[in-house]
Structures are given as C-alpha cells and as structure tokens.
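For reference, the structure discussed in these notes is given below.
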Amino acid sequence: MILNFIKKDKVFFNSVFFVVALFFLSVFLISLFKIINIWTYSQAHINYFFGFVQRGLFGTLMIFAKNYLSVNSHYFFSIFFIIIYSLNILFFFKLIKKYHSNKLLFSFIAFCPTLMMFSFNDLGGYQRFDSISILLILVHSLICYDFYSNNITKDVYKKKLLYLIFPLIIVSLFIHEIQSWSIFFHFLISYRILKSDKEFILSFSFILLIILILFLFPFNENSIYLMKKDLETYKNVYQAALIGSNTQDNLNILKYEFQTNFLNFHNFKINIFFTILGTAPFYLLLLYFRKKKIIQTNFQSIDFFISIIPFFSYFFIGDTGRWINIMSFIAIGYLGQFPLNEIEYKKFNKNFFKKKGLVFFFIFIVILTSFFLRMPHCCNLQKKGIGIHGGVYKKIEAAINIFIFRNNDDFYNLNKRFNSN
C-alpha cells in the first residue's frame, strides 16, 4: 500500500515536471527561429568595445563571438536563455520536490503564475536577464537546504557562497544591474548561517562597492556616443540599447512609470494582487510549518520583508510583473531552504485532506491560478485593456489556432508576432 502511494507520488511529480518542461520546450523551439523579446535582444548589444558602460558584459561576449568566432548573435542570445531557463526549471523542481506528497500544494507552487510559469504565460517576461537572479536565488536556496539537512558543513557552505554564489553575483551585475535588488536575500539567508564571519562580511562589502560603482560611475559620454553610432548598423537594436546604456535616459521615465503603476488604480490593484499571490502564501506557510514543527528554522520575518521591499521600486521602474516574479522566487526560496520533518508533514497532509470543504476550495484555487490567470509583465495595462485572465488555457488555445486550424489572424501569425533572425 505504501509502495503504491510512493509510486503514485513519483508519477505525479514526473508528470507535472514533464508538462512544465514541455511548455517551455515549445518556447525554446520558437526562440531558435524567432526573436521572442526584441527589447532584451536589443539591449543585449550594449558592449565595452568603446569604453565601460552599464550592462556591457553580455553584449561584449556576444559581439566577440559573432566577429571572431562566426557565432550568429541570435543563436548566441537564444541558446544562452534556453540554458538559463532549463537550469531554472531543474533547480525549481528540485527545490519544491519535497512538497509533492501534498498534490494540491505542489501543483499550486509548480503552476503558480508568479513563479516558473510567469515567463511562459506572458512571453514579454521571457528572455530577460532577471532569469539570472532567479537562478542564483534557486541555487543559493538549495545550498542552504543541504546545510540545514546536514548534508554539508558550515565550512562547505561558506566555500560555496564565497567561491560560487558571490562570484556569479558579481559577473551578473555587469550583465544587468537588476541583480543588485536581490542582494539582501543572499546576505540575510547567509547571515543566519555564518553570522559575523569576517570573510563573509568582507566579500559582501566588496559586492556592495561594485554595486555603488555601477550606479554612480561617471560614464564617458564619448564612449556611449561611439557605441551608439556603431549600433546604428544593427537592425532593430539602436533605441533599446540607447536607453539601457544611459542612466539619465532611465531616470527620465520614473515619473511616467509611477503615474502608470501606482496612481492608476487598474494597474495598482493588479500589481498588489499578484504581489500578495506571489509572496503571502509562502510566507504564511513558512510561519505555519514552523509553528507545527514541520520545519526547524531560525527564520526571522524581518529578513523576509527586507528581502522583498527593494522590489517595490517596480512602481517607479515599470515592468512590474518581472519584479514580482523575482519577489515570488525569493518567497519560495525562503520556504524551500528548510527540510521537512516527514512525520509532521504527513500528519499535516492527513489532517488537511480530512477537511473536504477546504480541499474543494483549494482545488478551485489551484485550477484557477494554474490555468486561467496570467501576470502581465509590464506597461499601461488599462490603456491596452489587459487584465489578469489568461495563462495556460490561452496558450493551448493559441497552439490549436496556429497548428490545427491554421488561423490567419495576425494574433496567431508567428511571423508578425515575433522578429525574424
């Protein structure tokens, strides 16, 4: 009986993993023939060939590969994100696997529109350098899980932090400064393990110094001018690269984004709804699991809130869905870093499924959030008539129209929806 139950659990876990992987495989295949996110692709051309600018590392590598190794920039760009998103899927499911005996909880996390499924539900959130932040959050959470599971010692944890996590954070900062917003998460979950360790504090201080340099460094206007002139020869990349490489241009949009995302009630309520959906359930589960001794943790609520507060800058910066997506991964990272007391977790599941009314309510919630909700990645949602309905069912509907009914409507025309190589 127990063996059959375990086998069913494995089949369920593997099935959910396969479905999510299949969804993203379809996006990966499209990305090899079409440029899904022209904005990120454009900004990815920012480079160091004419001097130091923000976000220049990736473009330097991509253009070097094109000029000296004859690697097509589109493929370099697309394959990079295929690798990053594939790793994120693998690490995400490794982190949440421990919950799979509660199929409702596991399904809610696996298909939650603010987590892994965000960039599938809204392709404007795909091929974003935010995915590097998410990768680092997942990897660090898994390393913490190994420590709290007594699989590694504190010394091994410190080595992985200092020689893996921190170097990757530093490299990623030169790809996109968005990585700096999640630095408090990495510091605080490390601090609970290492406390005032000197090497840890010095390394973190060094990262803070790099962040300050990136934001305050007086960029050479002539270098930016020469890079812009060079990028004029690239198709469809000039305008986005111009904005991404110039802090002043970015500052000019803060007022507009605040009016759009905070002062516009339509946008505001959508932003708050998904912020709550993407963080509150995992925070409350963390508190409940600690109370019921399902997990043993030194977790402090103040750590959680300090880690997500910087992301409320989305009201000023825009692209709110992307920022909420990272907040949600921070929330699941806090929950997922702690191993479960299997005996207490089984008691929790047994008691939960005895309450039929509660079970049916959560079945409804899981179905709704998994298949009929999507978090928009950005922009003036009211002006564009964008709400929260969508998600997986819309993607399935689109696939049927494209590949079965051969619908010629512009909405289903891949050549019109996406840029070609």
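The values are calculated or read from the model by the stated rules, or taken from the named source; none is laboratory data. Note that the coordinates shown come from a computational prediction; the quantities given were computed from them, not determined experimentally. Here Cβ is always computed from backbone atoms with ideal geometry, including for glycine, and neighbour counts include all displayed protein chains.
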Discussion item. Here is a check on your reading of the model: is residue 114 at pLDDT 95 or above and under 25 Å from residue 367 (Cα atoms)?
Written reply: yes
Item to complete: Return the residue satisfying two criteria in turn: it lies in region 185-199 and is under 15 Å from residue 153 (Cβ atoms) and among the hydrophobic types (A, V, I, L, M, F, W, C), and of such residues it is farthest from the chain's Cα centre (by Cα).
Response: 194
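Collect the residues in region 269-299 that are outside any helix (DSSP H, G or I) and more than 23 Å from residue 134 (Cβ to Cβ), keeping them in residue-number order.
292, 293, 294, 296, 298, listed by residue number.
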Worksheet item: Picking from 325, 351, 341, 298, which residue would you name as being loosely packed, with under 15 Cβ neighbours inside 10 Å and under 24 Å from residue 142 (Cα atoms)?
Response: 298
Response to the item:
Of (1) more than 18 Å from the chain's Cα centre (by Cα); (2) modelled with pLDDT of 95 or more, residue 101 satisfies every one except (2)
Worksheet item: Going through region 255-276 one residue at a time, which ones are surrounded by fewer than 19 Cβ atoms within 10 Å (Cβ to Cβ) and closer than 25 Å to residue 104 by Cα?
Response: 272, 273, 276
Discussion item. Quick check on this structure: which one of 189, 201, 165 is more than 11 Å from residue 140 (Cβ to Cβ), hydrophobic (A, V, I, L, M, F, W, C) and either in contact (Cβ under 8 Å) with a residue 40 or more places away in the chain or out of contact with any Gly (no Cβ under 7 Å at 6 or more places or on another chain) (or both)?
Written reply: 201
Worksheet item: Somewhere in region 132-141, is a residue modelled with pLDDT of 95 or more, over 14 Å from the mean Cα position of the chain (by Cα), β-branched (Val, Ile, Thr) and assigned to a helix (DSSP H, G or I)?
Response: no
Worksheet item: Somewhere in region 302-323, is a residue without any contact (Cβ under 8 Å) to a residue 24 or more places away in the chain, in a helix (DSSP H, G or I) and among the polar types (S, T, N, Q)?
Response: no
Item to complete: Please tell me if residue 357 is of a type in the set (Gly, Ala, Ser) and within 30 Å of residue 180 (Cα to Cα).
Response: no
Worksheet entry | Residues of region 360-407 satisfying the condition of being in a loop (DSSP other than H, G, I, E, B) and touching a residue at least 40 places away in the same chain (Cβ under 8 Å) | 374, 375, 376, 377, 378, 379, 380, 387, 388, 390, 391
Worksheet item: Of these, 159, 154, 195, which one is farther than 21 Å from residue 305 by Cβ and free of Cβ contacts under 8 Å to residues at least 40 places away in the same chain?
Response: 159
Discussion item. Please verify whether residue 331 is assigned to a helix (DSSP H, G or I) and closer than 30 Å to residue 73 by Cα, treating the condition exactly as stated.
Written reply: no
Item to complete: Have a look at 172, 182 and point out the one that is touching a helix residue (DSSP H, G or I) at 6+ places or on another chain (Cβ under 8 Å), surrounded by fewer than 23 Cβ atoms within 10 Å (Cβ to Cβ) and touching a residue at least 12 places away in the same chain (Cβ under 8 Å).
Response: 172
Response to the item:
Within region 382-409, the residues that are small (Gly, Ala, Ser) and either out of contact with any Phe, Trp or Tyr (no Cβ under 9 Å at 6 or more places or on another chain) or loosely packed, with under 12 Cβ neighbours inside 10 Å (or both) are 385, 387, 399
Discussion item. Among the residues that make up region 349-370, is at least one of them touching a Cys at 6+ places or on another chain (Cβ under 9 Å), of a type outside the set (Lys, Arg) and under 26 Å from residue 283 (Cβ atoms)?
Written reply: yes
